[in-house]
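One structure is given here, and the rest of the page talks about it.
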Amino acid sequence: SFDHRAPLCGSAADPGPSSGHMAAGPDVELGQLLTALCSDDRATRTTAEAALAGNRQFAGFAARLAIAATSPGSGLPVPLRQMALTVLKQLVNDHWTNLAVEDGAKVQQCLLDALAEESSALRGLLHACVVHVRLKGGPWPALTERLGAGLTQGTAHEASCCVESVTALLEEGGIEVAISLGPLQEPMLRLAASDTSPPTLRRRCIDAHAAGLTTFVAAREAGTGALHAGLAALPPWLAVYAALCSGCEGWSDRDRVGCAFTAVRTLTRLSRFQPLRAWLVDGLEPVLRPACLLVQQIEGGYTQAVIDADDDGASDEDEAGPAQLVAQLMELIQAMLLGPQLRALLKNRVRSLLQLLVPFMRVTEAQCRIWTEDPNEFLAHEEDDRVRGCAIRLSGEYLVGELLGHLKREAAKAVSGLVAELLERGESARGSGDAKAWKVTELALL
């Protein structure tokens, strides 16, 4: 229904339909092109790709793509809007400087109007388009203004979408973009610190803060002023991390664990940057304390639901569940061991930390089933750190090794004492007829 030899949008001198006409209803011809690009038939895709190549630089085509991708009124299903965003991102990346001024302005306006897109399946691509337009087109004051308005005046959903966009810009844009977005850190801090903000929004604010701060650290010679401002603002952000680990009344167990996981993961990331360690010393312990308390509180439920029952690996599929929190806490402790300033916080606490974390390393019932079905598969999983089901055991093994390497005497004493304690508990439980007692003995041997 389309001819790849004929332009969809006229020529550069004849820009085709006006933007008003394009927005009036579904763009049937463009919809046919996008449908063909998604086709399973190779010949159909090849024809569509030729049509795309012949039209992508014609005046009006970028604007039509932006309207189709960002407007629910375009009548296109989500997969076709995803394709439109993918094509638009590539077009911006390759041909932004050659676009007509009207096309560039229309693309920018469409992206700004769609920042609060409802579909999560589209937002990632939409934010990627925003990043590419910002990088190719240079300063975009209207973007910073719109993001600021969403953070300070928008609904929780609008604010959350704006934070997602800020994070994408900070992660991909470099120091110049990070500096331009500096004024947005304060409203994000207010959102992250507010108990009225939804937990998901508070977690996203933390991700955005970490993205900005690490960008400043990585380019500290080019952005010294920005780095100093970021460091000066670190204490109130660390207070937010501690608050997320403590949780709020009314939060679900999932929200409590997810927020603590995000805080611990972000601290792990920051702890790996040597210039930040001195700034983390005073604020890290107030985060660790509630995080460890939460881990202590979930140990019983984890034992019952995962260690002693076959959950078919469900606990390992959760991106921010109890298993991920424990493994992340183990990684944070390993990161703290790398620098003397943070390592000092762990002295005289090795035994208590191991007693807290090691019980989560017991073999789960799901792993027992894998062993029964195919021992070779189980052993392959144990040795492969890419297998999520063994994340806690592997993180625990690495942690014990790092503790022995950096806090030799204290760690050796703590490990030997814990092994003896586990062996005694295992034998005692086995003598009492506990069918799961062997797991404690196996852990001691591990």
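Only the coordinates and a few stated rules stand behind these numbers; no lab work does. What you see is a predicted model, and the numbers here were worked out from it, not measured in a lab. Note that each Cβ is placed from the backbone with ideal geometry, even for glycine, and that neighbours are counted across all protein chains shown.
Couplings 3J(HN,Hα) of region 339-349, computed from phi: x, x, 5, 7, 4, 4, 5, 8, 5, 6, 10 Hz, in residue order, whole Hz [Karplus 6.51 cos²θ - 1.76 cosθ + 1.60, θ = phi - 60°; x for Gly and Pro]. Only the Cβ atoms of Lys and Arg (+1) and of Asp and Glu (-1) were treated as charged; on that basis the dipole of region 271-365 about its Cα centre amounts to roughly 1020 debye. For region 290-428, the dipole from Cβ point charges (+1 on Lys and Arg, -1 on Asp and Glu) about the Cα centre works out to 1220 debye, to the nearest 20. Using C-alpha pairs under 8 Å with a sequence gap of at least 6, the mean separation divided by the residue count of region 115-267 gives a relative contact order of 20 percent.
For the chain, the longest principal axis of the alpha carbon atoms and the long axis of helix 42-55 meet at an angle near 60°. Taking Cα centre as origin and charging only the Cβ of basic (Lys, Arg, +1) and acidic (Asp, Glu, -1) residues, the dipole magnitude of the chain rounds to 1340 debye. Each Lys or Arg adds one and each Asp or Glu subtracts one; over the other residues with Cβ under 10 Å from the Cβ of residue 339, this totals +3.
Sorting the segments 163-174, 146-157 by their residues' average number of neighbouring beta-carbon atoms within 10 angstrom, most packed first, yields 163-174, 146-157.
Arranged from highest to lowest average of other beta-carbon atoms within 10 Å per residue, in what order do the peptides 94-103, 333-342, 426-435 appear?
333-342, 94-103, 426-435
Positive-end ranking of 85, 127, 98 along the dipole of region 84-135, with charges on Cβ about the Cα centre, is headed by 127. Relative to the longest principal axis of the Cα atoms of the chain, helix 101-113 runs at roughly 40 degrees. In region 141-236, a dipole from Cβ-located charges (positive for Lys and Arg, negative for Asp and Glu) runs towards its positive end, and of 179, 193, 159 it is 193 whose Cα lies farthest in that direction.
Of the peptides 303-314, 285-296, the ranking by mean beta-carbon count within 10 Å, highest at the top, reads 285-296, 303-314. Contact order, relative form, for the chain: 9 percent (alpha carbon pairs under 8 Å, 6 or more residues apart, mean separation divided by residue count). For the chain, the longest principal axis of the alpha carbon atoms and the long axis of helix 156-180 meet at an angle near 90°.
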